[in-house]
1. In the stretch 39-58, which residues are crowded, with 16+ Cβ neighbours inside 10 Å and either touching a His at 6+ places or on another chain (Cβ under 8 Å) or assigned to a strand (DSSP E or B) (or both)?
2. Among Lys60, Lys51, which is at pLDDT below 95 and either in contact with a Cys (Cβ under 7 Å, 6 or more places away or on another chain) or among the basic types (Lys, Arg) (or both)?
3. Could you check the stretch 1-34 and list, in sequence order, the residues that are assigned to a loop (DSSP other than H, G, I, E, B), at pLDDT 95 or above and of a type outside the set (A, V, I, L, M, F, W, C)?
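The values are calculated or read from the model by the stated rules, or taken from the named source; none is laboratory data. Everything quoted here is computed from the prediction, not taken from an experiment. Cβ placement follows ideal geometry from the backbone for every residue including glycine, while neighbour counts extend to all protein chains displayed.
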Amino acid sequence: MPDANTATPASTDNFIAARYVTEFELAAMLGLNVRTLRRWWAERSGPPVTKIGKFTYYQKSAVERWLAQREQRPCRSSRSRRARSGVAA
């Protein structure tokens, strides 16, 4: 009988799949190139990563927080674009 602290490969895969996405999966979700994610990681401007050996994973909840921090509200001016440019309406 396996030790309770020893995870089988199948349970490890399920754990990772439930909580993490690969850099390739995240790039596809965001419509980006994987190289963009890697550049952001090097610049420390992208979502936090988890490195396991040569593999890079992104925790789904961390990506959601990172995206929420970048959410922007539209700026509204009290004057229309035409009024600012001097064009008559």
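1. Thr56, Tyr57, Tyr58
2. Just one listed residue meets the conditions, Lys51.
3. Across the stretch 1-34, the qualifying residues are Gly31, Asn33.
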